[in-house]
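One structure is given here, and the rest of the page talks about it.
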Amino acid sequence: MSLFFGGRREKRDAFPEPPIPRPTGGAWNFSNVNLAQAESSLQKVAVWSAVDLIASLGSILPVDVYEGTGDSQREIPKPKILEDPSGEGYGLPDWTYQYLMSLLLRGNTNGHVADRDRLGNPTQIVLYHPDDVQGWRNPKTGLKTWRAGGTEVPDAEMWHQRAFVIPGRLMGLSPIAHHATTIGQGIAAARFGMQWFQDGAHPSGILTNEQDLKPGQAATAKERFMAALRGRREPLVLGGSWKFQAIQVAPEESQFLETQKYTAAECARIYGPGMPEILGYETGGSMTYTNVEQQGLNLLTYTLDRWLTRTEYMFTRLLPPGQFVKINRAALTRTDLLTRYKAHALSLQNRWAVPNEVRKIEDQPPTDWGDKPLTENAPKVQIGD
């Protein structure tokens, strides 16, 4: 029994939204950097590069639809929802790019289900801007409540996908909000650099004289000195006791470039452990030829594959039971011509593939004899070391 509350137990809501403190809570030193809109974070080049790379690759890789399992598995034509999900004529790559951008920037993608087939499966989903949607659960009933642009939307008409999820919350976490300090610091440093180097945040030099000057004399000397410099490349001659000393502050001394390097790498790392290296940011490690050769595979393994797998699962849920989606990752890991042909030769000789499958990969038309594996007596293809 509690000493102060007489044994009364605290009453809690059945479906609370647990508060999550932002890592940026506390003193905010970049008040002029507004990250309230998703697009604002894209002012940071590293954020734009990382997000655009993932969204672009995720939207252009081939999407195939299959049904059946085992030996009965076969590829089938894409349904309407995977040809143009929004129904606006922009096609699947455009829609997938928007879907991934929303997830990457805000942790959520929401859309309005504008049409369904006779089985109730969505056939048209128009995506909302991620900042226009708010969603929460009723603390007593647990039912979802949605508002888009200030208007309540029925749950049956709201399509929702999320990333960066934790138990007990309806909406996914926003990586931009939770890394606002790092991103804001990078944008603030860029603005400071522009002001420092372009807007005269520091005087370009000091003009001095050993004699005491009245304010009017100093202003006249400055005016004449500036008039002699403007638009000319001639030597400057100073008479009497005049001296001019240029002020040159090295960027390293102002720590401007070092700050930029650090925040760029940190911002890129939000979206994957190897993203800074893939984008070319310095992280203290060295890049060898082998590292560069493996960049495509590293990008797929450590960063892109989780988003492709999430997208496959999302597309599969839009299809009737028994059908599923696979995104062709081979298009990302293509190697040089000789290495690719060696791989083709091995797959044909060991009868892992038939000629027409190889020809399809190389954008060649099928042949009449290419649908069967090569026989054991077929001539061997000689390949170099």
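In terms of distances greater than 30 angstrom between alpha carbons, the cross-link table entries LYS326/LYS372; LYS78/LYS360; LYS80/LYS140; LYS80/LYS144; LYS78/LYS342 yield LYS80/LYS140; LYS78/LYS342. Could you tally the net charge around ASP155, taking each other residue with its Cβ under 11 Å from the Cβ of ASP155, Lys/Arg +1 and Asp/Glu -1? Within the 11 Å Cβ shell, the charges total 0. The accessible-area ordering, largest first, of the residues TYR302, TYR281, TYR271 stands as TYR302, TYR281, TYR271, per a 1.4 angstrom probe.
What full-extension length gain, to one decimal in nm, is calculated for ASP52 and ARG340 as 0.36 nm per residue of separation minus the Cα-Cα distance?
Values: separation 288, 0.36 × 288 = 103.68 nm, distance 2.77 nm.
So the extension gain works out to 100.9 nm.
Peptides 51-58, 140-147, 129-136, 66-73 ranked from most to least packed by the mean count of surrounding Cβ atoms within 10 Å: 51-58, 129-136, 140-147, 66-73. Each residue of region 49-185 gets 174 Å³ once the volume of the Cα convex hull is shared out per residue.
The values are calculated or read from the model by the stated rules, or taken from the named source; none is laboratory data. Being a predicted model, the structure only gives us computed values, none of them experimental. Because the Cβ atoms are built from the backbone with ideal geometry, glycine has one as well, and the counts that use them run over all protein chains shown. With ligands, DNA and RNA removed, areas are computed over all heavy atoms of the protein, side chains included. Shrake-Rupley method; radii C 1.70, N 1.55, O 1.52, S 1.80 Å.
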